[in-house]
Amino acid sequence: MELKRILAKDLRRATEKAVKLYGDDVLFVSNARVNGQHEVIVAVDVAPELELADAARPAATRTAGDGERFSAALKESFRALEAADDDAQAADEDTYSPAPRLRQKPSAEALIDAHDRSAADHRDYIRGREIVDMVRDELAAIRKEFKLAQRVAAWQAEAPSRSAVRPLVAALAEASIPVSLRTLLVDHVSDMDDLEQAKQALHAHLAKSMGEHWAKLPQRGVHAIAGPAGSGKTLMVARLARAVAERKGAESVAVISWCDQRAGAWSQIQMLCAQAGVDCLRANDAETLTMLLGELGSRTLVLIDTPGVEVLARVEQLRACSADISCHLVLPADASGTTVRRLLIDSSFAWSSLMASRMDEATQPWALIQALCEKPVPLSAASHSPAATDGCQVLTAGELVTLALRGLATEGPEASAAALVADELVDEEPDQSVVTAAHALVARIEKSAHAS
């Protein structure tokens, strides 16, 4: 007996190969998996001594039948070898190769990169959809304002304002004030004879309409800071954390970055918290957030920084994690009317307070003022500097009104022209050319005052 080793892709092919090479009576000894292939060990009979002796006989003593048998056996051997080569080639093509399979198997790093790319693509899609919706809403609001301005212009032309307050009326027309609010303001000051008195009356009227609704700055408990992208949420969180850490110690404050997948967002909040000396943690799902809130229960103040996309949906998820979370809205002082209406007026969510950012840059907070006149919301904090170390101040309705009235250009060239026209019109013997030019200026000022 002699042992032979056969390799094939699987046991079936190895068996067929053994039968083809050694006949149906071949004896199978063992089979095993080796390097991705199936190995079969078979036992075959050794050629009898009689045949060996016959093969060793001199050629002269061999008969013709021996030659024919030899030729047939030789051809059969060639056919068997060719069949064996075909099977070996097929087995090589289907052979398991560890290196290629290892390259095909995704590694942990590849899986993480794929997940990050998928999350980034989803975040970009959501942000892009929000931008498109915002642009569409802005265009709809502009069309609505234009139609309303056309209707109001005719009514205002019939009741022109007095010459003393025309600069203020012109400034109100040039400012980006919603038509409905501007109409009420013009009607409120059109009968006044003093410009400064008209400004004071506007300030008192707006402040009274907004009301003095205020809320304390977050000092204890769990507070979430929400708002649209670019509104300054992270800086507001850093300012509030720094203020409490300076009074009660850095170990009493913790900051959680929740579901913010923006590039560089985690690094930014880490750097700001390191400057304030407070702990910073990260949670990407509701389970992790709930666990962190349980571990940080002994802290005096826990601030949660939220993402700038899907603001209302994220806030609802936060409230589902814990009903003790107070949610504050951060808006730029000069936020667009569409953004303010979507997050304040049209939303049924009851915000704990409203925080205003970029107070140092804004000059037209009229959309925010109109929203607060329609739906009073407690005011808490305001930032007047882009630096996180400058801290934040208490926000009041009077401060917003002062900022808005300060942005009105009542001392510009148009105001001087209006004053000149008023002086010339009351002169006893006016020059006709001057009066003609004055009438032209008055017509232009009135036209710009009532334009949309």
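General remarks:
- Assigned charges on the beta-carbon of Lys, Arg, Asp, Glu; segment 221-395 dipole about Cα centre (debye): 180 debye
- Links that overshoot a 28 Å alpha carbon limit, given the list 216/375; 248/375; 208/248: 248/375; 208/248
- Backbone geometry of segment 178-183 corresponds, through the Karplus equation with coefficients 6.51, -1.76 and 1.60 at θ = phi - 60°, to 3J(HN,Hα) couplings of x, 4, 4, 5, 5, 4 Hz, x marking Gly and Pro.
- Normalised by the number of residues in segment 221-395, the average gap of Cα pairs under 8 Å and 6 or more apart makes the relative contact order 28 percent.
- Other-chain or far-sequence residues with amide H under 5 Å of residue 256's (modelled H): 281, 303, 304, 305
- Approximating the spin labels as points 7 Å out from Cα along Cα→Cβ, the residue 385-to-residue 364 distance works out to 2.8 nm.
- Scalar couplings 3J(HN,Hα) for segment 188-200, obtained by applying the Karplus form with A = 6.51, B = -1.76, C = 1.60 to θ = phi - 60°, are 6, 10, 5, 9, 8, 10, 10, 5, 5, 5, 5, 4, 5 Hz; x denotes Gly and Pro.
- Sorting 313-322, 226-235, 179-188 by their mean Cβ neighbour count within 10 Å, with the most densely packed peptide first, gives 226-235, 179-188, 313-322.
- Look at the dipole of segment 221-395 built from charges on Cβ: of 249, 388, 373, the Cα furthest out on the positive end belongs to 373.
- Backbone geometry of segment 295-305 corresponds, through the Karplus equation with coefficients 6.51, -1.76 and 1.60 at θ = phi - 60°, to 3J(HN,Hα) couplings of 6, 9, x, 7, 6, 5, 9, 10, 10, 10, 8 Hz, x marking Gly and Pro.
Here, each number is a calculation from the coordinates, and none is a lab measurement. Just so we're clear, the structure is a prediction, and the values are computed from it rather than from any experiment. Cβ atoms come from the backbone with ideal geometry, glycine included; neighbour counts cover every protein chain shown.
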